[in-house]
1. Starting at the first residue of region 46-52, write each ³J(HN,Hα) from the Karplus equation 6.51 cos²θ - 1.76 cosθ + 1.60 with θ = phi - 60°, in whole Hz, x for Gly and Pro.
2. Which distance in nm do the two modelled labels at Asp59 and Glu22 give, with both placed 7 Å along the Cα-to-Cβ direction?
3. List the GluC sites (Glu not before Pro) within region 61-123 that DSSP assigns to loop and that have no more than 12 neighbouring Cβ atoms inside 10 Å.
4. Could I have the simple spin-label model distance between Arg9 and Glu106, label points 7 Å from Cα toward Cβ, reported in nm to one decimal?
5. Using Cα centres only, tell me the gap between region 81-115 and region 3-57 in whole Å.
6. What do you get for trypsin sites (Lys or Arg not before Pro) in region 14-50 restricted to DSSP loop and a cutoff of at most 13 other Cβ within 10 Å of the site's Cβ?
7. For region 3-134, what is the Kirkwood hydrodynamic radius in Å, using each pair of distinct C-alpha atoms?
8. Where does the charge balance sit around Thr13 when Lys and Arg score +1, Asp and Glu -1, over other residues with C-beta under 12 Å from its C-beta?
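Each value in this text was obtained by applying a stated rule to the coordinates, not by laboratory testing. From a predicted model like this one, the values you see are computed outputs, not experimental measurements. Don't worry about glycine lacking a Cβ; one is built from the backbone with ideal geometry, like all the others, and counts go over all protein chains shown.
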Amino acid sequence: MKIAEVMTRNPETISPDEPIQEAARKMLDADTGSLPVDDGQRIVGMITDRDIAVRAIADGRGPETPVREVMSERLLFAWDDQEVDEVAAQMGDAQVRRLPVLNRGERLVGIVSLGDLARSADDDSAEVVLVGVSAPGATHNQSQE
């Protein structure tokens with residue numbers, strides 16, 4: 001089964017120039033903890049609720065701080081034509097719960113979450129991700145990459 005069959009289509013995105021307060025509002029409205037950051041040409045990063053808390057608020061930054069200052073620039077993604085089990089292994093290895101999904105034209109076409117995998121017909125995929133995400137790993141680094 002291809003990841004395009006289980007992903008969430010048309011995910012909410014945010015511009016790198018928008019304030020983190022807007023990112024938080026969009027996350028609240030979409031009931032999600034992360035947003036792909038789109039500069040109008042391509043996806044340039046991801047911002048999570050944790051990025052806002054740890055890289056912004058804990059550092060004394062205000063709600064008008066641009067997303068680009070706290071987003072993760074290291075972009076992990078899946079291709080829409082990859083197999084579900086391959087993407088699940090990738091998510092587990094990277095210890096992430098969500099991945100943007102791009103088509104071969106490198107345009108955002110969706111996002112896949114642990115929940116999407118849990119609802120898929122491939123029962124083992126969600127377990128693979130959960131085991132990877134839950135496993136003790138390398139020291140987590142909140143600095144921008």
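1. Computed from phi, the couplings for region 46-52 are 9, 10, 10, 4, 5, 4, 5 Hz.
2. Result: 2.0 nm between the two label points.
3. In loop regions of region 61-123 (DSSP not H, G, I, E or B), the sparsely surrounded GluC sites (Glu not before Pro) are Glu64, Glu73, Glu106.
4. Between Arg9 and Glu106, the label points sit 2.5 nm apart.
5. Going from one Cα centre to the other spans 15 Å.
6. Arg42
7. Kirkwood hydrodynamic radius for region 3-134: 15.0 Å.
8. Once positives and negatives cancel, what remains is -2.
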